[in-house]
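The values are calculated or read from the model by the stated rules, or taken from the named source; none is laboratory data. In this text, all values refer to a predicted model and were calculated from it rather than measured experimentally. Positions of Cβ are backbone-derived with ideal geometry, glycine not excepted, and every protein chain shown enters the neighbour counts. The protein model used for the area step is the full one, side chains on, heavy atoms only, and it has no ligands, DNA or RNA in it. Shrake-Rupley method; radii C 1.70, N 1.55, O 1.52, S 1.80 Å.
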Amino acid sequence: MDDLFADFGDYEPVDTATAATERSQRIEKARLASSSYSAKLEPAGWFNTLSSSNPHNPTSIRNDLFRLHQLYAKKEYDAAVELGSTVLESGKGQKKMKGKAEEFMLAEEGEILDIVLRSALKSTANGVRENEVRLARRYTLHTSSSLAFAASLVLLRAASPSSLSTPLEALEAVLAAIKRKTYLHPYLAHTERIIALHFPALRDPDPVCAREEMDRIGLSESGREVLEVLLQKVKGGNGEEEDEEDEPRNVRNL
């Protein structure tokens, strides 16, 4: 029987007086340490004084992101575009995947790209520049609907008069945004604007004619899928679908 309970030797009763004294000492030590602690307060804009000498250092990328947010908040859009474009096109944060040739960027790329595109839309520069169009096309590498929508706005602006992009690219981008984030009003209004200005034949009430226009302009399968659903909803909204039979409202038919 003694051997059976030998493992419980560590559970001998502890002298409560000794335990209480040790506990009081720990509490007092923690109190003294907390009284001498002072939080480190960073001055405003502290990240502007840090070096970005190592382009593959995640801390360097975060500092650039802080700078971008500051520039955007101060409405210095031209400077934000310049800094963001430099960061994205210099390969900051890029890592090469083992065994594969392609490269990818850290999660900050999507946020940086979003700020750059929104800054480009607010910039005082005349028209959209070629590097901004090139960056806008990178929305396909991300899943953000907001980013795809901003890219569509940039691509549509670049389509005229500079012809750096095409209205079809802008349409594809906004349809990608709708597919990612359902039917938000700004996305739908922008889609309607593109169609009204550049592809009025897509508004043909005959679905066959609308599909022929999709073929003619070369709309992608993904874009067709979204646009056909939109057109069906518009058709239903005009009362062209069969009316449902009137039924008493209850939880089964809500």
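Computed packing ranks the peptides 144-155, 29-40 as 144-155, 29-40, most packed first, by mean other Cβ atoms within 10 Å. Using a 1.4 Å probe over the heavy atoms of the protein chains, calculate the carbon and sulfur portion of the accessible area of the range 130-244 as a whole percent. C and S fraction of accessible area: 51 percent. A 1.4 Å probe run over the range 138-183, with the rest of the protein chains in place, finds 42 Å² accessible per residue.
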